[in-house]
1. Kindly list the number of the only condition in (1) under 21 Å from the mean Cα position of the chain (by Cα); (2) modelled with pLDDT under 95; (3) aromatic (Phe, Trp, Tyr) that fails for Tyr117.
2. Can you name the residue in segment 343-354 that is under 24 Å from Pro57 (Cβ atoms) and of a type outside the set (Val, Ile, Thr) and is also nearest to the ligand (Cβ to nearest atom) among such residues?
3. Condition first: within 16 Å of the ligand (Cβ to nearest atom) and either of a type in the set (Lys, Arg) or not in a loop (DSSP other than H, G, I, E, B) (or both). Now tell me which residues in segment 245-264 satisfy that.
4. Condition first: small (Gly, Ala, Ser), assigned to a strand (DSSP E or B) and surrounded by fewer than 22 Cβ atoms within 10 Å (Cβ to Cβ). Now tell me which residues in segment 354-390 satisfy that.
5. Does segment 278-295 include one or more residues that are within 22 Å of Glu45 (Cβ to Cβ) and in a loop (DSSP other than H, G, I, E, B)?
6. Hey, can you tell me all the residues within segment 199-234 that are touching an Asp or Glu at 6+ places or on another chain (Cβ under 6 Å), closer than 25 Å to Lys267 by Cβ, outside any loop (DSSP other than H, G, I, E, B) and aliphatic (A, V, I, L, M)?
7. Output the residues belonging to segment 459-482 that are surrounded by fewer than 18 Cβ atoms within 10 Å (Cβ to Cβ) and β-branched (Val, Ile, Thr).
8. Could you look through segment 31-60, keep only residues that are assigned to a loop (DSSP other than H, G, I, E, B) and hydrophobic (A, V, I, L, M, F, W, C), and pick out the one that is farthest from the ligand (Cβ to nearest atom)?
Amino acid sequence: MKNYFYYLAIVFITLNSCEISFRETPGKDGKFNVLFIAVDDLRNELNCYGATHIHSPNFDRLASEGIVFNNAYCMQAVCAPSRNSMMTGLRPDAIGIYDLYTFFRKKIPHVVTLPQYFKNHDYHCEGMGKIYHTGHGNQDDSLSWSIPHWRPNKEIARLEKITRGDTVGLERDFPTIAGKKLPWYSSRAAEQDMTDAMIATHAVQRLKALKDSTFFLAVGFVKPHLPFVAPEKYWELYDPDKIEIPSAKPPQDMPSVALHNFGELRKYHDIQSKGLLNEVQSRNLIHGYYACVSYIDAQLGRILDALKENGLEENTIVVLWGDHGWKLGDYGSWCKHTNFEMDTRAPLLIKVPDKQQKGAKTEALVEFIDVYPTLCELAGLPQPEHLQGTSLVPVIENPDSTVKKVAFSQYPRGKSLGYDRKNEIMGYSIRTGKYRFTRWQLYEKPDSVIASELYDLSKGRIAIRNLARDQDYKSVVQDLNEVMDLELRRHKEEQNRIYPLYTN
Ligand SMILES: [Ca+2]
């Protein structure tokens with residue numbers, strides 16, 4: 001424990017000593033622009049993360065100009081809570097929302113979001129595509145933007161619906177059979193008629209229009225989220241016979257609460273309601289996912305080209321993040337919604353013009369709530385008082401440095417942590433340099449621990465065996481329980497202090 005506090009002290013000193021240098025060298029008009037790119041359900045399976053079988057030249061191009069965060073973790077591995085945390089700088093517990101349905105301003109009406117904060121500092125802020133999670137009764141946040149958030153609804157409505165046999169909307173994003181969406185589809189649609197290409201087209205237009213202003217432009221792509229529909233040329237980049245299907249074996253001694261029945265995928269056409277997927281299904285899904293990643297990569301390329309063409313490369317910070325990871329057959333499971341590494345870990349790339357080692361990679365543990373304070377510091381703005389994250393500027397300046405000892409994630413089990421919480425379970429998970437430790441406990445009675453998991457990930461990110469009950473790891477479990485208790489207490493104290501700032 002002593003080391004832990006020593007470490008915190010070092011972090012504090014490091015943070016203070018590094019703060020100044022970025023402020024002295026802003027972009028050409030005195031301020032950096034921010035291009036903030038979100039990609040839905042993007043795994044770390046990109047070439048720049050070592051997955052050489054993936055065709056991702058534009059992700060790699062951005063990575064080669066900036067820094068790759070190899071150990072960045074979302075706060076909760078599902079769209080809305082992950083995005084709420086990224087956009088507010090608050091942990092899910094401080095927001096009090098763990099579901100897809102609740103608009104964050106219902107719980108925390110006065111929070112100043114990341115784009116809103118930049119807007120309050122004279123930035124022009126625009127959002128397009130999927131930034132906040134909307135739908136499911138959830139709505140967009142008008143306070144975040146200088147002009148209304150843009151979606152390609154009008155463009156999509158103009159497209160012709162194609163029917164062939166029992167399959168409708170064939171050459172669009174969501175072909176269906178008998179009302180059920182197909183989980184994967186190789187589309188012959190003109191690429192510009194696909195949703196994400198429309199979002200990229202709009203982003204390119206807006207970059208041109210805004211090139212002489214100071215902007216915060218948020219662009220949210222909706223693929224590679226299910227269904228895995230991409231133009232066929234991206235499917236052709238991959239030989240299905242060479243696709244490796246991961247082992248369907250869950251970790252030995254894993255408690256059942258850790259995984260789930262991947263209900264999100266079960267809703268699709270021809271996916272059975274229970275049990276493992278067969279090889280054909282698995283191969284097609286993985287192939288479709290890869291095709292979608294390469295399709296998004298192409299859209300990213302168009303945006304990066306537009307930055308260059310409009311002379312914005314030297315004064316624009318680019319941040320790219322996936323909202324959480326995805327199990328693509330890992331442990332025989334699919335989708336997100338767990339505390340496993342495959343779900344909590346997600347890509348994070350940051351490019352700061354002229355201020356970093358190009359193509360750097362860092363192993364520093366990072367939480368997504370750290371992005372908000374990082375962007376504030378990079379832009380030379382004071383830190384809002386409500387933030388729970390830590391600026392990553394020290395890591396950007398020196399990729400060998402670290403700013404925290406553990407990365408925290410959480411995931412609930414139960415109905416939806418609604419009105420009756422007494423039987424709801426919260427799983428808290430911490431990632432250290434070596435281990436992932438997860439504790440499932442009653443939400444209202446934290447001392448009632450349902451199950452614990454300890455995985456040694458030092459040799460790979462796939463969990464092999466739960467060591468939580470192994471006598472040889474007793475002291476490791478004890479130490480990590482202490483770290484988790486300390487962190488949870490710290491979060492709670494922090495939350496009590498900052499709560500009035502965004503609720504009153
Ligand atoms: Ca998502």
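1. Only one criterion is unmet by Tyr117, namely (2).
2. Our first condition is that a residue be under 24 Å from Pro57 (Cβ atoms); within segment 343-354, this holds for 345-354.
Going one step further and asking which of them are of a type outside the set (Val, Ile, Thr), we end up with 345-349, 351, 353-354.
Working: Arg345: 13, Ala346: 9, Pro347: 12, Leu348: 15, Leu349: 17, Lys351: 23, Pro353: 29, Asp354: 33 Å.
Result: Ala346.
3. Our first condition is that a residue be within 16 Å of the ligand (Cβ to nearest atom); within segment 245-264, this holds for 260, 262-264.
Across segment 245-264, the qualifying residues are Gly263, Glu264.
4. Quick first cut of segment 354-390, residues small (Gly, Ala, Ser) only: 359-360, 364, 379-380, 389.
Within this subset, residues satisfying the condition of being assigned to a strand (DSSP E or B) are 360, 364.
Selection gives Ala360 alone.
5. Within segment 278-295, the first condition is being within 22 Å of Glu45 (Cβ to Cβ), and the residues that meet it are 278-295.
Checking which are in a loop (DSSP other than H, G, I, E, B) leaves us with 278.
Yes, because at least one residue in segment 278-295 is within 22 Å of Glu45 (Cβ to Cβ) and in a loop (DSSP other than H, G, I, E, B).
6. Val229
7. Ile462, Ile464 - these are the residues of segment 459-482 that are surrounded by fewer than 18 Cβ atoms within 10 Å (Cβ to Cβ) and β-branched (Val, Ile, Thr).
8. First pass over segment 31-60, keeping only residues assigned to a loop (DSSP other than H, G, I, E, B): 31-32, 40-46, 50-56.
Remaining after also requiring hydrophobic (A, V, I, L, M, F, W, C): 32, 42, 46, 51, 54.
Details: Phe32: 27, Leu42: 8, Leu46: 16, Ala51: 19, Ile54: 19 Å.
Among residues in segment 31-60 that are assigned to a loop (DSSP other than H, G, I, E, B) and hydrophobic (A, V, I, L, M, F, W, C), the one farthest from the ligand (Cβ to nearest atom) is Phe32.
The values are calculated or read from the model by the stated rules, or taken from the named source; none is laboratory data. Since we're looking at a predicted model, the values are computed, not measured. Every residue, glycine among them, receives a Cβ derived from its backbone with ideal geometry; neighbour counts consider all protein chains shown.
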